1. Of the residues Phe205, Phe200, Phe217, only one is over 30 Å from Gln512 (Cβ atoms) and surrounded by 24 or more Cβ atoms within 10 Å (Cβ to Cβ); which?
2. Tell me yes or no: at least one residue of the range 309-328 is over 30 Å from Val95 (Cα atoms), among the aromatic types (Phe, Trp, Tyr), at pLDDT 85 or above and in contact with a helix residue (DSSP H, G or I) (Cβ under 8 Å, 6 or more places away or on another chain).
3. So which of Ile252, Ile281 ends up being within 15 Å of the ligand (Cβ to nearest atom) and without any contact (Cβ under 8 Å) to a residue 40 or more places away in the chain?
4. Quick check on the range 152-172: of everything there that is of a type in the set (Val, Ile, Thr) and touching a residue at least 24 places away in the same chain (Cβ under 8 Å), which residue is nearest to Asn74 (Cα to Cα)?
5. So, Met167, is that one in a helix (DSSP H, G or I), within 15 Å of the ligand (Cβ to nearest atom), over 17 Å from the mean Cα position of the chain (by Cα) and not acidic (Asp, Glu) or not?
6. Among the residues of the range 388-404, count how many are among the aromatic types (Phe, Trp, Tyr) and surrounded by 14 or more Cβ atoms within 10 Å (Cβ to Cβ).
7. Considering only the range 416-438, state which residues are closer than 16 Å to Leu56 by Cα and of a type in the set (Ser, Thr, Tyr).
Amino acid sequence: MDRPVKRNGFAGGLGFILAAAGSAVGLGNLWSFPYKTSKNGGAAFVFVYIFSVIILGLIVMIAEIYLGKRAQANSITAYKKVNKNLGWLGLLSIVGPFMVLCYYTVLGGYTVKFAMNSFSDNSTIMQTFSGNTGEVVLYSALFMILSVLVVTGGVKNGIEKACKVLMPILFVIMVCIVVYCLFLGEGVSDGLKYYLAPDFSALGFDGILAAMSQAFFSLSVGMGIMISYGSYTGKNINVGKSAVWIAVFDTIVALLAGLAVFPTIFHYQAETGIQLQNNGIVLMFSSLPIVFKSLGPVGNIVSFFFFGMVSIAAVTSMISMLEVATQFFIQKFRIKRKKAIAIVGGVGFAFAVPIGISLGFALTGKEKMMLAGNNLLDVFDIIVTNVIIPICAIGACIALGWFTYKSNSAKEALSCRKLSSNLQEEGLKLGKVGLLFSFMLKYAAPILIGVIEVFGIIDIVFPSVSGTRTFSMNGLILVLIALVIMIVCAVIYFVFLKNKETGTNEDEVVIQEEAEKEEEEKEEAAVQE
Ligand code: PHE
C-alpha cells in the first residue's frame with residue numbers, strides 16, 4: 001500500500017509542509033493581502049482574517065489533506081471514495097484552481113518582467129508593459145514554462161525539490177526586506193498606522209467576506225490543492241500539525257508583506273511625491289517601483305530581490321495549481337505526466353492570453369474586452385474566490401464530517417464524539433482538540449461559511465452604493481456564470497465520471513513505471529544501433 005508514496009509521493013513530512021506552504025504563500029500574501037487590509041479597516045480586517053484562518057481555514061485544510069491522504073488519489077476519486085454522489089465536488093475542486101491558474105499566469109509574468117527589468121527603470125513601465133500584448137504574452141509564457149518544468153519532474157523530484165530550495169530563500173529575502181523597511185526612519189510609523197489602525201466601521205459584510213475568501217485563497221483551501229498534495233503523503237505525516245505549520249507560515253508572510261510595503265511608501269512619499277494608489281495591482285507594480293527608483297543603485301538591487309521573491313512565491317503556488325489537474329489527467333486517462341502537463345499548461349495558457357490582453361486594456365484605461373463590467377482577470381477572480389472556493393470548502397467539511405463514516409443511528413450520525421473517535425481510530429490524531437475539531441467540521445464551519453457566503457452573494461448582486469443598496473446586473477451575471485460552471489461540473493460528473501474508473505495514485509505509479517521502461521528500452525535500442 002505504501003508503494004505510491006515511495007514512488008511518487010513526498011519523500012518526507014518537511015517536504016510536504018514546504019510544498020504546501022509554497023502553494024499557500026503567493027501573490028495572495030504579497031500582493032493582495034496588504035492592500036485589502038488597508039482598504040478594509042486595517043487591524044479590524046487582520047482580526048477577522050486571523051479568526052477565519054484559525055476557525056475556518058485550518059479546519060478545511062485539515063479536512064482536505066486528510067481526504068487526500070486516506071484516498072491516495074486525485075480529488076474526484078477522493079470524494080467518490082467518500083460517497084459517489086459527492087464526486088462532482090472533486091471536479092469543481094479541479095476547475096477552481098484551473099481558473100486561478102489562467103490569470104495567475106499573467107500576474108506571474110508581470111513579476112518575472114519586473115524582476116528582470118530591475119536594473120533598468122521599472123517606475124514608468126507599468127502602463128507601457130501592460131499595454132504591450134506581445135510582451136505580456138511572452139512573459140506569461142516564460143512564467144508558465146518555468147512552472148511546467150517543475151511539475152514535469154513529478155511530486156518528489158519536481159515539486160518537493162523546488163520548494164525545499166525556494167521556500168527558505170523566499171523567507172530569508174522577506175525578512176531582510178522587512179527589517180530594511182522598518183528601519184527607514186521617518187514615515188514608518190505613519191505607514192504602520194495606515195496599514196493597521198483598526199477601523200471596525202470600514203469593515204462591512206463585504207469586508208468580512210473579503211477576509212474569509214482572502215484567508216481561503218491564501219491558504220490554498222477550497223481548491224483541491226490540499227487534497228492532491230495530501231494524497232501524496234504517507235502514514236508518517238501528522239495532518240493536524242502540518243496544517244498548523246502551513247497556516248502559521250502563510251499568515252506570517254502575509255503580515256510581513258504589509259510591514260514592508262506601507263512604511264516604505266510612506267517614508268518616500270515626502271521625497272518622491274508619489275501618491276499612494278492603493279488599488280491592487282497598481283500598488284505593487286507602480287508605487288513600489290517608484291520607491292525603488294528613488295533609492296538609486298541600491299534600489300535596483302532591492303527591486304531585484306523583491307520581485308525575485310514575489311516570482312518565487314508565485315511559481316511555488318502556480319505549480320500546485322498545475323498539479324491538481326495534471327494528477328487527474330494522468331490517473332483518469334492513463335497518460336504520461338509529460339503529456340498531461342502539456343495539456344493543462346497549454347489550455348491554461350490559451351486562457352491566459354485573452355486575460356492578459358483584457359487586463360492590459362483595463363490598466364491603460366480602455367473599456368475593451370470586458371465581461372459584466374469587469375476585465376477578464378477580475379471576472380475569473382470574483383467567480384472563483386467568492387463562489388467556487390467557499391462551496392468546495394463547505395463540501396470538504398460535509399464530506400468528512402457527515403459522509404465518511406457509517407453510523408447506526410440518527411443519534412450517532414449527529415454525534416461529534418462519535419465522529420471524533422472514528423477519525424482518531426482511522427488515524428487522524430488530533431489529541432485533545434479532536435472533539436472540538438469534530439464540532440467545527442460538522443456544524444460550525446459549514447454553517448459559518450454558508451452564512452458569510454449567502455451575505456457575500458447578496459453583496460455582489462445588491463452592492464451598497466454610498467449607503468443604499470442597488471441591484472447590479474453585472475453582479476447577477478457573475479453569480480449566474482458561477483452557477484453555470486457548477487452545474488456543468490455536476491452534469492459532466494454524473495454523465496461521464498460517476499460510474500467509471502477515475503484512477504488513483506497507484507495507477508500513476510504503474511503509468512510512470514511503464515514510461516520509464518519505455519525510455520530505457522529506447523535508450524538501449526539507441527546504444528545498440
Ligand atoms: N494561495 C496562493 C496565494 O496566496 C494562491 C493559490 C490559489 C494557490 C489557488 C493555489 C491555488 O497566492
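1. Testing whether each residue is over 30 Å from Gln512 (Cβ atoms) and surrounded by 24 or more Cβ atoms within 10 Å (Cβ to Cβ) leaves just Phe217.
2. Among the residues of the range 309-328, not one is over 30 Å from Val95 (Cα atoms), among the aromatic types (Phe, Trp, Tyr), at pLDDT 85 or above and in contact with a helix residue (DSSP H, G or I) (Cβ under 8 Å, 6 or more places away or on another chain), which makes the answer no.
3. Just a single option satisfies the conditions, and that option is Ile252.
4. Here the residue is Val155.
5. For Met167, the condition - in a helix (DSSP H, G or I), within 15 Å of the ligand (Cβ to nearest atom), over 17 Å from the mean Cα position of the chain (by Cα) and not acidic (Asp, Glu) - is not met.
6. The number of residues fulfilling the criteria is 1.
7. Selection gives Ser438 alone.
Yes/no per residue for (1) surrounded by 24 or more Cβ atoms within 10 Å (Cβ to Cβ); (2) of a type outside the set (A, V, I, L, M, F, W, C); (3) within 22 Å of the chain's Cα centre (by Cα):
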| position | (1), (2), (3) |
| --- | --- |
| Leu86 | no, no, no |
| Leu89 | yes, no, yes |
| Ser93 | yes, yes, yes |
| Met99 | no, no, yes |
| Gly108 | yes, yes, yes |
| Thr111 | yes, yes, yes |
| Ser118 | no, yes, no |
| Ser123 | no, yes, no |
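The values are calculated or read from the model by the stated rules, or taken from the named source; none is laboratory data. What you see is a predicted model; the values in this text were computed from it and never measured. Please note: Cβ atoms are built from the backbone with ideal geometry, for glycine as well, and neighbour counts cover all protein chains shown.
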